[in-house]
1. Could you identify which residue out of B:69, B:105, B:24 has the top mean-square fluctuation in a GNM of chain B using Cα springs shorter than 10 Å?
2. Treat the protein assembly as shown as a sphere of radius equal to its Kirkwood radius over Cα pairs and apply Stokes-Einstein at 4 °C in a medium of 1.567 mPa s; give the translational diffusion coefficient in µm²/s, rounded to a whole number.
3. Checking a compactness column here: for the stretch B:24-116, what do you get for Rg(Cα) / (2.2 N^0.38 Å), N being the number of residues?
4. For the stretch A:1-58, compute Rg over Rh where Rg is the Cα radius of gyration and Rh is the Kirkwood radius from the inverse mean 1/r over Cα pairs.
5. Set the Förster radius R0 to 25 Å, insert the Cβ-Cβ distance between residue A:78 and residue A:38 as r into 1/(1 + (r/R0)^6), and round the FRET efficiency to 0.05.
6. How big is D, in µm² s⁻¹, for the stretch B:38-82 by Stokes-Einstein at 25 °C and 0.890 mPa s if Rh is the Kirkwood radius over C-alpha pairs?
7. Measuring from centroid to centroid over Cα atoms, what is the spacing of the stretch A:53-69 and the stretch B:48-116 in Å?
8. At residue A:5 and residue A:60, where each label point lies 7 Å from the Cα along Cα→Cβ, what is the point-to-point distance in nanometres?
Amino acid sequence: EPEVTQTPSHQVTQMGQEVILRCVPISNHLYFYWYRQILGQKVEFLVSFYNNEISEKSEIFDDQFSVERPDGSNFTLKIRSTKLEDSAMYFCASSLGYDSPLHFGNGTRLTVT
Amino acid sequence: GENVEQHPSTLSVQEGDSAVIKCTYSDSASNYFPWYKQELGKGPQLIIDIRSNVGEKKDQRIAVTLNKTAKHFSLHITETQPEDSAVYFCAARPAPTDTGRRALTFGSGTRLQVQP
């Protein structure tokens, strides 16, 4: 069964540094998402992306965050200047259509020290 | 925006027993309700979903019920097995509107432990 893949599985960075989290969505999917999960808490929506532009974003997704689909297969989340509170598990997801189920990757654990 | 409440936060059952997890939602515009299972170190995996035009859906040992009037939906797992042990999340998503809001809102999760 096709799956969403994310790299790296664990990223450690220092406060103030830029990080890029990478995702390869399921190949025929058209909608892409980033969610995050702070340890022990609920999964929170960050951003959705369709047709090469952001279609929706949450209050968490401020100017420090950006997303990009640099080629036909990758979908990236960039955090420009990381803060301690950015430490979380970041999940990429994709869906075939706007009303289709979301399929999640196994996440990237980001640790900001 | 949408608010999804989930209960209980932890649930321990004996192997073979049934488990029920309940969620309520606040936004009457929500029309899609998936359930995800998350095992340690992995991402949420969709196990079943239901749309607001049906009241119940079953897939082998798993069933979901939806009461739109009361704005609550439940996950039922029968004949539980140790491999059912995981964290389960409910979620809700609004129907497409002019506002473009389509994000899934998750509940806080239920840690299910099935004792052999």
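Quick note: the coordinates plus some simple rules give every number you see, no bench work behind them. What you see is a predicted model; the values in this text were computed from it and never measured. Counting neighbours? That spans all protein chains shown, and the Cβs are built from the backbone with ideal geometry, glycine included.
1. B:69
2. Estimated diffusion coefficient is 71 µm²/s.
3. 1.12
4. 0.99
5. According to the calculation, E is roughly 0.85.
6. Estimated via Stokes-Einstein, D reaches 205 µm²/s.
7. 27 Å
8. Label at residue A:5, label at residue A:60, 2.6 nm between them.
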